[in-house]
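A short write-up of the structure that comes next.
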Amino acid sequence: MPSAADFAWLIPVLPLVGALITGLGLISFNRTINRLKKPVALLLISCIGAAAVISYAVLFEQLGGAPPVEHLFIWASAGDFSLPMGYVVDPLAAVMLALVTTVALLVMIYSHGYMAHDKGYVRFFTYLAIFSSSMLGLVVSPNLLEIYVFWELVGMASYLLVGFWYDREGAAHAAQKAFVVNRVGDFGLLLGILGLYWATGSFGFQGIADGLSAAVSSGVVPGWAALALCLLVFMGPMAKSAQFPLHVWLPDAMEGPTPISALIHAATMVAAGVFLVARLEPLYSQFPAVGTFIAVIGTITCFLGASIALTQMDLKKGLAYSTVSQLGYMMLAMGCGAPVAGMFHLVTHAFFKAMLFLGSGSVIHAMEDVVGHEPVLAQDMRLMGGLRKKMPITAITFLIGCVAISGIPPLAGFWSKDEILGQAFNSFPLLWAVGFATAGMTAFYMFRLYFLTFEGEFRGNNSALQQELMAAAGKKIEEGHDHHASGSVHESPWSMTLPLAVLAVPSALIGLLGTPWNSRFAGLLNPEEAAEMAEHFSWGEFLPLAGASVAISVTGLTVAVLAYALRRIDLGELVAARFPTINAFLANKWYLDAINEKLFVRSSRKLAREVLEVDAKVVDGVVNLTGLLTLGSGEGLKYFETGRAQFYALIVFGGVIALVVLFGALG
């Protein structure tokens with residue numbers, strides 16, 4: 001009897017088939033297909049739903065102890081060279097398949113309400129299906145080359161979705177930025193893949209690890225070259241998972257519709273980098289220097305994202321920098337040689353961050369009825385406040401997400417983040433200290449977001465503040481800009497609140513699968529590690545670290561309560577006024593965007609202008625001169641074409657005499 005794993009190839013194929021049907025329909029019968037919103041939504045949601053059912057079946061098989069399954073075929077061969085393709089199902093892939101399909105399904109259901117009145121509804125659903133299919137194909141890829149193919153498809157789909165509202169200047173620029181920054185990382189990844197194949201003759205994960213180890217041991221490949229290849233491959237995850245300094249694209253990607261923000265930040269694009277590092281653990285574990293580098297980059301990213309989030313007033317960008325910070329935690333775990341802890345945090349984070357982003361979309365959807373469809377106004381928390389009374393489901397689920405990501409037990413984020421901090425404490429105490437401090441910052445900025453958005457008095461009707469915010473953004477409020485506004489805030493429709501309620505359950509409870517004394521999650525991914533964790537677990541070691549982690553989180557939460565809920569302290573006077581340089585540094589995102597603008601954007605534009613000058617003056621000049629010479633010589637030679645044989649013979653005779661004289665002079 002065939003197992004569910006034998007049908008795993010259908011998981012990425014089903015959403016792809018649905019996307020092809022609707023995509024070809026848009027190309028051939030655009031107006032007709034655009035009117036069929038509900039049938040298109042039903043088709044694509046059904047495709048993702050079917051993929052999710054198969055994914056759950058695969059996961060349950062793996063939980064039951066089924067062995068990994070790999071199906072390969074020879075895609076290309078020449079002489080001794082052969083390139084296998086296919087799919088692989090193992091515990092790591094099973095977890096990711098279930099995660100991606102679950103979040104993608106809920107995001108699609110949510111999008112039915114969020115994008116209901118958008119003229120690009122069908123196109124958006126088609127892009128979502130392509131994006132989901134690409135990520136699912138990446139997860140089941142059995143080797144680096146196939147991963148690279150789907151890696152690029154994920155990048156293409158993200159470009160289409162981030163720039164979905166391409167008529168908005170901000171969205172177009174954000175899509176270009178995401179595309180270019182990711183190409184930098186992908187170029188390094190491609191060089192690393194080709195270099196590893198040159199060194200090992202394999203694209204398979206275990207084959208590369210074993211081959212490179214043997215090559216270094218035998219002296220065929222120098223140690224420094226092996227390190228360089230590992231770091232080149234890591235450039236791909238650095239960009240995809242928004243690690244410093246290639247993180248700059250992710251906050252700008254918020255220009256896309258909120259559902260895609262949830263999908264990118266929770267289970268697809270940014271998760272791809274962490275997943276690839278976990279896949280390459282057999283390779284990276286051989287080189288401690290690579291692990292140290294990954295841990296340091298992750299720690300910098302973790303602190304950077306949290307520090308910038310402290311000052312953000314845009315709701316979605318605050319959540320975006322929160323994602324950057326949490327991705328830093330995941331990479332810290334990978335660098336500490338704890339891929340199970342990193343993947344566990346990826347899973348827990350996916351649920352509560354998807355819920356938080358979809359919650360922010362619910363808020364923005366409601367705010368647009370008051371302030372219009374200008375993102376500067378609809379997403380600014382200074383115009384929110386008091387929404388809990390009008391949007392109770394959104395508020396409760398958002399609060400659950402804030403508690404979970406802050407690392408407060410027993411919700412999910414506590415167990416996964418505490419496991420990472422414990423691993424860091426044992427491996428790199430200094431990096432643990434940074435991660436520990438970041439945990440307090442996380443609790444502060446998340447509850448800052450909650451209190452500014454849902455508590456206090458509603459500030460959305462303050463027209464003077466609206467004018468001020470638009471002026472600060474370099475825009476003007478046009479007359480009649482709020483002609484769509486109803487003037488009231490209300491809860492979102494069921495298609496948007498249902499996914500929030502569903503996501504609240506794993507956000508609260510899934511962390512219990514990773515308790516250190518009996519980690520079922522570790523038991524699935526690495527039974528030996530799970531047994532070792534249970535055997536060496538000590539309450540004497542666990543409680544002090546966990547207690548300190550909870551204490552720092554509660555401290556951050558308390559400061560947020562005093563500042564934004566009770567209004568007992570004014571952080572503007574206490575911090576911003578006393579330390580204006582630090583405040584400006586954080587508000588301007590460490591000036592990294594300004595540095596990139598000056599070093600890369602302006603310099604590349606200058607180089608482009610200079611190349612254009614060379615093209616116009618030198619290249620075009622040579623081409624034009626050649627044309628003139630040809631034209632002139634043709635004009636001159638036409639007089640020698642008389643049609644008389646005697647004249648042609650005279651020319652030939654004259655040429656021969658000239659050659660004789662020339663050779664005589666040279667001789």
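The values are calculated or read from the model by the stated rules, or taken from the named source; none is laboratory data. Just so it is clear, the model here is predicted, and its values are computed rather than measured. Positions of Cβ are backbone-derived with ideal geometry, glycine not excepted, and every protein chain shown enters the neighbour counts. We work out accessible area using only protein heavy atoms, side chains counted, and drop any ligands, DNA or RNA first. Shrake-Rupley method; radii C 1.70, N 1.55, O 1.52, S 1.80 Å.
Backbone amide hydrogens, once placed in the peptide plane, bring residue 569 within less than 5 Å of 563, excluding anything fewer than 5 places away on its chain. The spacing between the range 492-555 and the range 315-376, judged by their C-alpha centroids, is 18 Å. Of all lysines in the structure, the ones whose alpha carbon falls short of 21 Å from that of residue 390, not counting any fewer than 8 places away in one chain, are 316. The range 395-456 and the range 120-193 have Cα centres lying 29 Å from one another. Solvent-accessible surface of the chain, taken per residue with a 1.4 Å probe and all protein chains present: 44 Å². Charged side chains reduced to their Cβ positions (Lys and Arg at +1, Asp and Glu at -1) give the chain a dipole of some 1280 debye around its Cα centre.
Here the extension length gained between residue 595 and residue 541 equals 15.1 nm, from 0.36 nm per residue of separation less the Cα-Cα distance. Spin-label model, residue 555 to residue 617: label points 7 Å out along the Cα-to-beta-carbon direction sit 6.2 nm apart.
Taking Cα atoms only, the orientation of helix 10-28 departs from the longest principal axis of the chain by about 60 degrees.
Taking 0.36 nm per residue of sequence separation and removing the Cα-Cα distance, the residue 76/residue 662 pair yields an extension gain of 204.9 nm.
Highest mean packing comes first when the peptides 382-392, 585-595 are listed by Cβ atoms within 10 Å, giving 382-392, 585-595. Going 7 Å from the Cα of residue 191 toward and past its Cβ, which residues in the range 217-249 have a backbone nitrogen under 12 Å from where you end up? Under 12 Å, as judged by backbone N against the label point of residue 191, lie 228-236 of the range 217-249. Would you mind counting up the charge near residue 154? Only other residues with Cβ under 14 Å from its Cβ, with Lys and Arg at +1 and Asp and Glu at -1. Overall, the nearby charge balance is -1. Per-residue ellipticity at 222 nm, computed for the chain from helices alone with -39500 (n - 2.57) per DSSP H run of at least four residues, works out to -23500 deg cm²/dmol. Computed over the range 243-352, relative contact order equals 34 percent, with contacts defined as Cα pairs under 8 Å that lie 6+ residues apart. A Förster distance of 56 Å, applied to the separation of the beta-carbon atoms of residue 566 and residue 35, puts the FRET efficiency at 0.60. Taking Lys and Arg as +1 and Asp and Glu as -1, the other residues whose beta-carbon sits under 14 Å from that of residue 320 total +1. Seen against the Cα atoms of the chain and their longest principal axis, helix 527-536 is set at about 40 degrees. Counting only lysines at least 8 places from residue 598 when in the same chain, those with an alpha carbon closer than 16 Å to its own are 177, 589, 606.
Within the shell defined by Cβ-Cβ distances under 12 Å, the residues around residue 343 carry a net charge of -2, with Lys and Arg each +1 and Asp and Glu each -1. Modelled this way, with points 7 Å down the Cα-to-C-beta line, the labels at residue 528 and residue 289 are 2.6 nm from one another. Counting only alpha carbon atoms, the long axis of helix 269-279 and the longest principal axis of the chain meet at about 90°.
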